[in-house]
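Reading through the structure tokens given below for one structure.
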């Protein structure tokens, strides 16, 4: 077995879903991984990782709107507001989603379902530079 490691830097423009499945598949091809497992971990408390619908753009909009309703900004009861009105809700949103994801690799690509894609879910209002650790275990 071979252990491949990379850190992806992803720039965001503020809140929303940012697809990066193609970048992951490119890494897997670069490493020539035919079979294995790809593990992703985001090193932030105000962003997360999700696997979701990647075909219909309205699915993305619905997920973003759902989070806006679930954890709205600027609530009077928030105490953690050192970095602004999006501080507390960004951590709440990250708590409700994932910081890590593992995906099988088969035949040289991620074994995602037909309509699945991998996204960074940015929860902060301002653009950020996010780090996602990619660890891929290759079975020989």
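The values are calculated or read from the model by the stated rules, or taken from the named source; none is laboratory data. Treat the numbers as computed from the prediction; the structure is a model and nothing was measured. All Cβ positions, glycine included, derive from the backbone under ideal geometry; neighbour counts span all protein chains shown.
Of all the residues that make up segment 68-97, how many are out of contact with any helix residue (DSSP H, G or I) (no Cβ under 6 Å at 6 or more places or on another chain), over 20 Å from residue 20 (Cα atoms) and not in a helix (DSSP H, G or I)?
Within segment 68-97, residues that are out of contact with any helix residue (DSSP H, G or I) (no Cβ under 6 Å at 6 or more places or on another chain), over 20 Å from residue 20 (Cα atoms) and not in a helix (DSSP H, G or I) number 11.
What's the number of the condition residue 82 fails, among (1) within 16 Å of residue 125 (Cα to Cα); (2) exposed (fewer than 11 other Cβ atoms within 10 Å of the Cβ); (3) at pLDDT 95 or above?
(3)
List pairs: first in segment 96-110 and in contact (Cβ under 8 Å) with a residue 60 or more places away in the chain, second surrounded by 13 or more Cβ atoms within 10 Å (Cβ to Cβ) and part of a loop (DSSP other than H, G, I, E, B), Cβ under 6 Å, 6+ apart or cross-chain?
Within 6 Å, the pairs are 104/111; 105/33; 108/34.
Which of the residues that make up segment 98-135 are more than 17 Å from residue 54 (Cα to Cα) and in a loop (DSSP other than H, G, I, E, B)?
99, 107, 108, 123, 124, 125, 126, 127, 128
State all residues of segment 38-67 that are touching a residue at least 40 places away in the same chain (Cβ under 8 Å) and in a helix (DSSP H, G or I); if no residue qualifies, say none.
Matches in segment 38-67: 60, 63, 64, 67.
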